[in-house]
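The values are calculated or read from the model by the stated rules, or taken from the named source; none is laboratory data. Keep in mind it's a predicted model, so treat the numbers as computed, not measured. Neighbour counts run over all protein chains shown; Cβ positions are idealised from the backbone, glycine included.
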Amino acid sequence: MTAAPAPSTPPAPPVRLVPAPGPAVDRSAALLVSFLLAIALLVIGTQPRVRHAGARLLGMEKSLPAHARLVLTPFTADDDASRDLAVSLPGRIATRFTPRFLILSDAAGPGVTLRTGTGAATLAVVGQLRRLDAGYRVHFELLDSASGSVLRTATFDAPANELESRMTRALAAELDVEP
């Protein structure tokens, strides 16, 4: 006896996904918002005054003293050829910040109270100068001279002929002042 053929089942209909009901997302609006956010982050990241204001607002950075007295210490250098430039650089840019800031000294750091005829310094700038193939790398720190805590730092590369002007602009940006 032969078996009866099994009844055939019709094929299942294809599954069709239907989007859930809700507000339609306008891709151009989302793209515009993303673009504006990227521009805002770029401005904040490249403009020291805006960056410092935002960091102070979020409690990530201390404000500088209202009546700061600044000491610019001679920088250190990683080679003998750059040592004279490193020692003279702070003195050469200090004239651009007078009369608002100016106290020169040979030593500054944690726990050191620096005094001149105008009183104790509240801020100190210490830094290093490093020779590169096409110029110099400058790294400096703005310290609270009473506690030695680092308030702000900056690092930049510059050719020798632009070193003073770049250092002046970088220090002015960290101090939130015009040179």
Give L151, L143 a once-over and let me know the one that is more than 18 Å from R92 (Cβ to Cβ), of a type in the set (A, V, I, L, M) and in contact with a Ser or Thr (Cβ under 8 Å, 6 or more places away or on another chain).
L143
Say we look at the range 148-179 and pick out the residues that are among the hydroxyl-bearing types (S, T, Y) and part of a helix (DSSP H, G or I); which of these is surrounded by the fewest Cβ atoms within 10 Å (Cβ to Cβ)?
S165
Is it true that S145 is buried (at least 16 other Cβ atoms within 10 Å of the Cβ), at pLDDT below 85 and hydroxyl-bearing (S, T, Y)?
yes
